[in-house]
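Peer 1: Structure provided below as structure tokens; questions to follow.
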Amino acid sequence: MEEKKCELLRKEKIGHHIHKLEVKMDDAVLSKDCGKIRTIKWEGHVFEHPILYVRISKRRKKYYLFLDESKSECSLLRDRFPCSNFYLQEDEEYVPAYVPRNNDQKVISFIDEQSLFDTLPVIDLLLSKNIEQQIYAAGSLSDNKIKQYLNRQLQENVTYMTSFTSTHISSILSGQFIGTSLSITGTWPVVQELKKLAVSQGFTEEEIQCKGVGPKQKKVFCVKCYSINELKEDMNCPDCHADLDVSDHFSRRLEAYLGYIEIE
């Protein structure tokens, strides 16, 4: 995979464990507006901890890198980060928390504390495209420094919540105008519940982008009693006790695999 040369211009600590670095590419540019760096290399040192990036100027080849120093290797990287040239290698399989659409006028983002880091480059990406954004952040979020950064970036367009409740989320989503999209980032149970609420409020699949973190619990829809339960190795419906043959077909509407009655 190609290594791309760049130069560090400045760095800023925006959270207790998070640094934001401005870099300028030499000749080659990074392939996406928003993505992830697999490795950073300079003077024989190679660091493989993932770092997120966002393009801030295509013409000037400038990017922001977001570095989480809570990882031991990232802490070493932060302490020794060069002011001279170094090399980046992309993770081309990475999918960002949100990819703007051509007709986006407004993006509402729901994030929890575990997914905050993934959302940071998206905030700058939407700002660079002049897309209105509103963020709802759930969790304790005890890092006051990152709160100050978010408030500075988004002005009054960030709301902190203890948790997401169906009543509150439904009231936020109801009455949104055409051209509003949703970005839902968090643990899989939170993502799946918020997506169901969004669909119930009239949002389409195309208007919702989801990114889950952590383990994802697979679900099975029983075609006999219409219940949805956790997938197990020998699938017996806990509600109607039917033995189910789980298909490979995944229903995006139900967020579950289809379980048909097993025929011996």
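The values are calculated or read from the model by the stated rules, or taken from the named source; none is laboratory data. It should be emphasised that the depicted structure is a prediction, and the values quoted were computed from it without experimental measurement. Using ideal geometry, Cβ is built from the backbone for each residue, glycine included, and neighbour counts are taken over all protein chains shown.
Peer 1: I need a count of the residues in the stretch 102-129 that are at pLDDT 90 or above and over 17 Å from residue 64 (Cα atoms).
Peer 2: 8
Peer 1: Does the stretch 228-246 hold any residues that are surrounded by 14 or more Cβ atoms within 10 Å (Cβ to Cβ) and within 23 Å of residue 196 (Cβ to Cβ), and which are they?
Peer 2: Residues satisfying the conditions are 228, 229, 231, 235, 237, 244, 246.
Peer 1: Continuing with the same structure: Is there a residue being free of Cβ contacts under 8 Å to residues at least 24 places away in the same chain, over 18 Å from the mean Cα position of the chain (by Cα) and within 23 Å of residue 95 (Cβ to Cβ) anywhere in the stretch 227-241? If you could, list the steps in order and put the result at the bottom.
Peer 2: First, pick out the residues of the stretch 227-241 that are free of Cβ contacts under 8 Å to residues at least 24 places away in the same chain: 227, 229-230, 232-234, 236-241.
This time we only want the ones that are over 18 Å from the mean Cα position of the chain (by Cα), so: 227, 229-230, 232-234, 236-241.
Then keep just the ones that are within 23 Å of residue 95 (Cβ to Cβ); that gives none.
No, the stretch 227-241 contains no residue that is free of Cβ contacts under 8 Å to residues at least 24 places away in the same chain, over 18 Å from the mean Cα position of the chain (by Cα) and within 23 Å of residue 95 (Cβ to Cβ).
Peer 1: On the given criteria, is residue 167 under 24 Å from residue 106 (Cβ atoms), surrounded by fewer than 14 Cβ atoms within 10 Å (Cβ to Cβ), free of Cβ contacts under 8 Å to residues at least 60 places away in the same chain and in contact with a Phe, Trp or Tyr (Cβ under 9 Å, 6 or more places away or on another chain)? Break it down stepwise before answering.
Peer 2: On the way: under 24 Å from residue 106 (Cβ atoms): yes; surrounded by fewer than 14 Cβ atoms within 10 Å (Cβ to Cβ): yes; free of Cβ contacts under 8 Å to residues at least 60 places away in the same chain: yes; in contact with a Phe, Trp or Tyr (Cβ under 9 Å, 6 or more places away or on another chain): no.
Spelling it out, it is not the case that residue 167 is under 24 Å from residue 106 (Cβ atoms), surrounded by fewer than 14 Cβ atoms within 10 Å (Cβ to Cβ), free of Cβ contacts under 8 Å to residues at least 60 places away in the same chain and in contact with a Phe, Trp or Tyr (Cβ under 9 Å, 6 or more places away or on another chain).
Peer 1: Follow-up question, since we're still on this one. Quickly run through the stretch 107-142 and pick out the residues that are within 20 Å of residue 203 (Cβ to Cβ), over 17 Å from the mean Cα position of the chain (by Cα) and not hydrophobic (A, V, I, L, M, F, W, C).
Peer 2: 132
Peer 1: When the stretch 170-191 is examined, which residues are found to be more than 18 Å from residue 104 (Cβ to Cβ), surrounded by fewer than 19 Cβ atoms within 10 Å (Cβ to Cβ) and in contact (Cβ under 8 Å) with a residue 12 or more places away in the chain?
Peer 2: Residues satisfying the conditions are 170, 174, 187, 188, 189.
Peer 1: Let me ask something else about it. Would you check if residue 134 is in the same structural domain as residue 198 (by TED's automatic domain parsing), in contact (Cβ under 8 Å) with a residue 24 or more places away in the chain and touching a strand residue (DSSP E or B) at 6+ places or on another chain (Cβ under 7 Å)?
Peer 2: Numbers: in the same structural domain as residue 198 (by TED's automatic domain parsing): yes; in contact (Cβ under 8 Å) with a residue 24 or more places away in the chain: yes; touching a strand residue (DSSP E or B) at 6+ places or on another chain (Cβ under 7 Å): yes.
Yes; evaluated as a whole, the condition is true for this residue.
Peer 1: Looking only at residues in the stretch 200-220 that are touching an Asp or Glu at 6+ places or on another chain (Cβ under 9 Å) and crowded, with 16+ Cβ neighbours inside 10 Å, which one is nearest to residue 173 (Cα to Cα)?
Peer 2: Checking each candidate, the answer is 211.
Peer 1: Let me ask something additional. Going through the stretch 22-37 one residue at a time, which ones are within 22 Å of residue 122 (Cβ to Cβ), outside any strand (DSSP E or B) and not charged (D, E, K, R)? Don't jump to the end; show me each part of the working.
Peer 2: To start, the set of residues in the stretch 22-37 that are within 22 Å of residue 122 (Cβ to Cβ) comprises 22-25, 29-37.
Now drop any that are not outside any strand (DSSP E or B), which leaves 29-33.
Matches in the stretch 22-37: 29, 30, 31.
Peer 1: May I pose another question? Just the residues that are touching a strand residue (DSSP E or B) at 6+ places or on another chain (Cβ under 9 Å) and in a loop (DSSP other than H, G, I, E, B), please, taken from the stretch 38-63.
Peer 2: 43, 48, 49, 50, 60, 61
Peer 1: Considering only residues that are aliphatic (A, V, I, L, M) and in contact with an Asp or Glu (Cβ under 8 Å, 6 or more places away or on another chain), look in the stretch 229-264 and name the one that is modelled with the lowest pLDDT.
Peer 2: 263
Peer 1: For the stretch 25-40, name all the residues that are surrounded by 15 or more Cβ atoms within 10 Å (Cβ to Cβ) and of a type outside the set (S, T, N, Q). First the steps, then the outcome.
Peer 2: Initial filter on the stretch 25-40 (surrounded by 15 or more Cβ atoms within 10 Å (Cβ to Cβ)): 25, 30, 32-40.
If the condition is that a residue be surrounded by 15 or more Cβ atoms within 10 Å (Cβ to Cβ) and of a type outside the set (S, T, N, Q), then 25, 30, 32, 33, 34, 35, 36, 37, 38, 40 are the ones that fit.
Peer 1: Residue 57: modelled with pLDDT under 90, of a type in the set (S, T, N, Q) and surrounded by fewer than 17 Cβ atoms within 10 Å (Cβ to Cβ), yes or no? Quick ask: steps written out before the conclusion?
Peer 2: Details: modelled with pLDDT under 90: no; of a type in the set (S, T, N, Q): yes; surrounded by fewer than 17 Cβ atoms within 10 Å (Cβ to Cβ): yes.
It is false that residue 57 is modelled with pLDDT under 90, of a type in the set (S, T, N, Q) and surrounded by fewer than 17 Cβ atoms within 10 Å (Cβ to Cβ).
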